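The structure under discussion appears below in the form of structure tokens.
The values are calculated or read from the model by the stated rules, or taken from the named source; none is laboratory data. Every value quoted in this text rests on a predicted model; they were computed, and no experiment measured them. All Cβ positions, glycine included, derive from the backbone under ideal geometry; neighbour counts span all protein chains shown. Just so you know, the surface numbers come from the protein's heavy atoms only, side chains and all, with ligands and any DNA or RNA stripped out. Shrake-Rupley method; radii C 1.70, N 1.55, O 1.52, S 1.80 Å.
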Amino acid sequence: MSTAPVPPTAPAPAVRLRVPTDEDALTWHRLFDDPRVMEFFGGRSAEFSAYEELTARQRRHDAELGYCLWTVTDEEDAVLGFTGAQPWPHTHYGPVGAIEIGWRLAPAAWGRGYAGAAARTTLERLRAAGVAEVVAMIDARNARSIAVAERLGMRRAESYTTPRPGQEAYCFRLEL
């Protein structure tokens with residue numbers, strides 16, 4: 001599987017977004033059990049129970065809000081990770097009350113256009129659900145995610161110091 005970056009003129013890869021299942025908790029845990037994936041999320045893998053809770057919360061979000069962090073699959077139905085939106089989960093910092101769009105994919109899917117394609121589908125679904133604006137909170141060192149946000153037309157609005165010592169996050173915003 002090539003990990004060469006997708007040229008800007010390349011067609012977007014086919015992706016599907018679906019509500020995460022119980023089985024996706026284990027799949028996400030396996031896909032993200034990689035220090036490269038977790039570099040900007042505390043540097044270490046989350047316990048399996050964290051993914052069980054995360055997938056259950058996303059099913060609730062989908063049922064109650066009409067959107068969530070969806071499981072992303074490719075044209076062969078292989079799980080690549082997740083992309084979607086949820087209410088900003090923190091009350092003590094960041095864009096409290098905002099709807100956050102986000103993506104996390106396995107390294108095998110990096111640089112192939114999947115994050116952008118899935119995020120564009122997410123934006124279409126959010127517009128249909130009546131969401132007026134989204135934010136993306138991105139670690140200031142995460143150049144790949146910053147590039148995805150910029151390709152989506154998001155603009156850096158503010159910066160936050162996170163609860164992790166020395167970690168700064170940029171808040172990107174996009175009106176829908």
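General remarks:
- The residue that is farthest from residue 76 (Cα to Cα), counting only those in the range 5-25 that are open to solvent by 70 Å² or more (accessible area, probe 1.4 Å) and either within 15 Å of the chain's Cα centre (by Cα) or at pLDDT 85 or above (or both), is 22.
- Only one of the listed residues (45, 49, 2) is among the small types (Gly, Ala, Ser) and modelled with pLDDT of 95 or more. That residue is 49.
- In the range 160-176, the residues that are closer than 17 Å to residue 147 by Cβ form Cβ pairs under 7 Å with partners that are assigned to a loop (DSSP other than H, G, I, E, B) and hydroxyl-bearing (Ser, Thr, Tyr), at six or more places apart or across chains, as follows: 169/162.
- Residues within the range 155-167 that are of a type outside the set (Gly, Ala, Ser), modelled with pLDDT of 95 or more and loosely packed, with under 15 Cβ neighbours inside 10 Å, tallied: 2
- Matching entry among 89, 95 (being touching a residue at least 60 places away in the same chain (Cβ under 8 Å) and not hydrophobic (A, V, I, L, M, F, W, C)): 95
- Among residues of the range 130-139, those that are open to solvent by 30 Å² or more (accessible area, probe 1.4 Å) and not in a strand (DSSP E or B), counted: 2
- Residue in the range 79-98 that is open to solvent by 40 Å² or more (accessible area, probe 1.4 Å), closer than 29 Å to residue 161 by Cα and under 13 Å from the mean Cα position of the chain (by Cα) present: yes
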